[in-house]
Amino acid sequence: MSSKRFSTLDTTRLLFEHPRVLFRVIERMDRESVRYVRESELAMDVLDYVRDLKRTEQERIRTGFSTDNLFRTGLVIDIVKAEGERRLVFQEALLNLIRACNASLYQELTDARLRGHLVTLRDIHDRLTRSTFNDADPDFTELRDDLNERVSLLIGLLRQNILRMQTLSADLADMSGDASREPEQFTAFRQDLLERIATLYERHIQPTLVFLNPDTRLPDGANLFATLEGIIRLLEQNRQQDIADQMFRSSLSLNALHKPIQSLAAEVDHFLRKTRRSMIQYNAMEHFFGQLRELKEETETLNLKKKWLDGSDFSRTTGFLVGLKAQSRPKQYAFGQSSSYYQLLFSELDLRLADLGRKAQVPDLGRTGAAGKDPKVDAERIQTLYQWLETLQLRPTGDLVRELHGRLDGVVAGYRFPDLLAAVNRLNHKHPEGFRVVTTNRFQTLEADDRTDDIADVFVYRRRRLEPRPNSNTEQEAANHAGS
């Protein structure tokens, strides 16, 4: 072992450069419910971690993680000899920082820890009732600083707890992995899952819900929010408005933390109702979501070049997005914002109202008989249709065929799909006054129900535009001027 020594700053930097070692240490401490780590286990973790590194880097890490260096720099505050082994007690602040780097290491708040914070705040409230509230009094300033520290610590712990619980979906997916692979053991697995989640709910989620509920009634005294309100009232009465406002904002922050805990409780309840098939689907979604989360974490490093999520490999390997860009965007059916849109809408309404107003003049093609059976009957139907077209009010449109179908269908009694072809042919040869019909090379389809044999006919046609004649307005103005 090298005799080189590291400073506290260098040692701390080394620990955070290689956090996996302390990640394992904290996981083992939480699993065994102890506040120390065995020296032998830490040494084994370090040796396992440096196995594939270069020799100089191995020596550097072993020196930094050595017991002598950790104790001398103050990162290990105590070494306890018990049961023939040495146990290292790390700085709690260091462990909290390591936990902050990995959400899975956050500790769920238990009822005992929450009540401990509440008892501390009640004690501060009692001491404030006997305080001088004088900034020159060191007892008051120390009590004020203690109050700020306790409330800030409580908010931080609750937020960490929520972040930890928000990763519960991944934990539930890990729990249900065996069920999706071994269906014959699903019943036994479900029983074990119920016990584990019930423990999680009763020991961590439910106490936090009760603690953050402003309506909670406790047998031994005031709840959290009632205690904070009492503190705020004392501060306001003694003209400590700044710290009173700060406590009020902290109270609002604590009140806002109640909703995400409620959402988590609902998620746990929903998970318990899952069947084996839904668990398989749940695990698949969590698996691919984890891959996307790893891609996102790559953009959160200090490398400023990686600020966009690169999902090209993910798209190719999963096939979720194949062909997505080739699909046209769905058309939205909503009111437009332009004046031309509303002009077109009102014009259409005017034309439909005009058709209803001329209801007495609308022909009944059904009276002439069935089309296609007698040339005389066909000629009579067409002549009746032509006479009605002479009185029909039209407006410029980009699709004359569809426009005529909408005006004929449901309005003209006895209307048949071939009548539309006759109407289009008529307007092609005899353009409406002031308009011209322009035939394009763009094809459209129109589907209509044939009432004679109950089959759907599809008409493929060239789209025709109905446009105003270029000189129609000029000629009209000249005629009006000559008449005057």
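Please get the size of the charge dipole for segment 392-448, origin at its Cα centre, with Cβ charges of +1 on Lys and Arg and -1 on Asp and Glu, quoted in debye to the nearest 20. Intermediate results must be reported in sequence, preceding the final value.
Working: 8 positive and 6 negative charges, 35 e Å.
Value, rounded to 20: 160 debye.
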Area accessible to solvent at T63, 1.4 Å probe radius, in Å²: 10
Using a 10 Å cut-off on Cβ atoms, rank the peptides 234-241, 88-95 from the highest mean neighbour count down. 88-95, 234-241
Segment 421-448 scanned against label point 7 Å out from R465 along Cα→C-beta; backbone N under 12 Å for 436-442
Starting from the Cα of L304, step 7 Å toward the Cβ, then list every residue of segment 8-45 with an amide N under 18 Å from that point. none
Backbone HN-Hα couplings from phi across segment 49-59 [Karplus 6.51/-1.76/1.60, Hz, Gly and Pro as x]: 6, 8, 4, 9, 8, 5, 4, 5, 6, 4, 5
How much net charge surrounds V437 when only other residues with a Cβ under 10 Å from its Cβ are counted (Lys, Arg +1; Asp, Glu -1)? +3
Between L75 and residues 5 or more places away or on another chain, the pairs with built amide H atoms under 5 Å apart involve none
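At 0.890 mPa s and 25 °C, plugging the Kirkwood radius over alpha-carbon pairs of segment 195-240 into Stokes-Einstein gives what diffusion coefficient in µm²/s?
Numbers: Rh = 12.5 Å.
The estimated diffusion coefficient comes to 197 µm²/s.
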Mind listing the phi-derived Karplus ³J(HN,Hα) values for segment 419-427, rounded to whole Hz, using 6.51, -1.76 and 1.60 with θ = phi - 60°, and x for any glycine or proline? 4, 5, 5, 5, 5, 5, 4, 5, 6
What order do you get for 45-52, 115-122 when each peptide is scored by the mean count of other beta carbon atoms within 10 Å, highest first? 115-122, 45-52
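Figure the gain on full extension for L47 and A379 (residue separation times 0.36 nm, minus the Cα-Cα span) and round it to one decimal in nm. Before the final figure, lay out the partial values.
Values: separation 332, 0.36 × 332 = 119.52 nm, distance 10.09 nm.
Computed gain between L47 and A379 is 109.4 nm.
FRET efficiency for L446 and F248, Cβ-Cβ distance as r, R0 = 60 Å, nearest 0.05? Mind dumping the intermediate values first?
Numbers: r = 67 Å, r/R0 = 1.12.
That gives a FRET efficiency of 0.35.
For D313 and N96 in one chain, what is 0.36 nm times their gap in residues minus the Cα-Cα distance, to one decimal in nm? The partial results should precede the final answer.
Numbers: separation 217, 0.36 × 217 = 78.12 nm, distance 3.58 nm.
Net length gain for the segment: 74.5 nm.
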Computed over the Cα atoms of segment 1-143, the Rg and Dmax in Å are 19.9, 63
In whole Hz, with x marking every Gly and Pro, tabulate ³J(HN,Hα) for segment 18-34 from phi via Karplus 6.51 cos²θ - 1.76 cosθ + 1.60, θ = phi - 60°. 10, x, 4, 5, 6, 4, 5, 4, 5, 4, 5, 4, 5, 5, 8, 6, 10
Inter-label distance, nm, simple model (7 Å from Cα along the C-beta direction), A112/D145: 3.1
Over all distinct Cα pairs, what is the inverse of the mean 1/r for segment 104-163, reported as the Kirkwood hydrodynamic radius in Å? 12.8
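Please work out how much length the chain gains when fully extended from S7 to N134, using 0.36 nm per residue of separation minus the C-alpha to C-alpha distance, in nm with one decimal.
Values: separation 127, 0.36 × 127 = 45.72 nm, distance 4.18 nm.
My answer for the length gained is 41.5 nm.
Mind giving me the FRET efficiency for I155 and R55? R0 is 45 Å, r the Cβ-Cβ distance, nearest 0.05 is fine. Don't skip to the end; give the middle numbers.
Numbers: r = 46 Å, r/R0 = 1.03.
After rounding, the FRET efficiency stands at 0.45.
So, by mean Cβ neighbours within 10 angstrom, what's the order for 290-298, 70-78, 389-397 with the highest one leading? The partial results should precede the final answer.
On the way: 290-298: 12.0, 70-78: 16.6, 389-397: 14.3.
Packing order, densest peptide first, comes out as 70-78, 389-397, 290-298.
Determine the share of segment 53-115's accessible area contributed by carbon and sulfur atoms, expressed in whole percent, with a 1.4 angstrom probe.
Working: 1720 of 3400 Å².
Result for segment 53-115: 50 percent of the exposed heavy-atom area is carbon or sulfur.
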Quick P(r) readout (segment 72-125; Cα-Cα; 10 Å bins; whole %) gives 19, 27, 38, 15, 1
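The values are calculated or read from the model by the stated rules, or taken from the named source; none is laboratory data. Given the structure is predicted, the values throughout are model-derived calculations rather than measurements. Please note: Cβ atoms are built from the backbone with ideal geometry, for glycine as well, and neighbour counts cover all protein chains shown. These area figures cover heavy atoms from the full protein model, side chains too; ligands, DNA and RNA do not enter into them. Shrake-Rupley method; radii C 1.70, N 1.55, O 1.52, S 1.80 Å.
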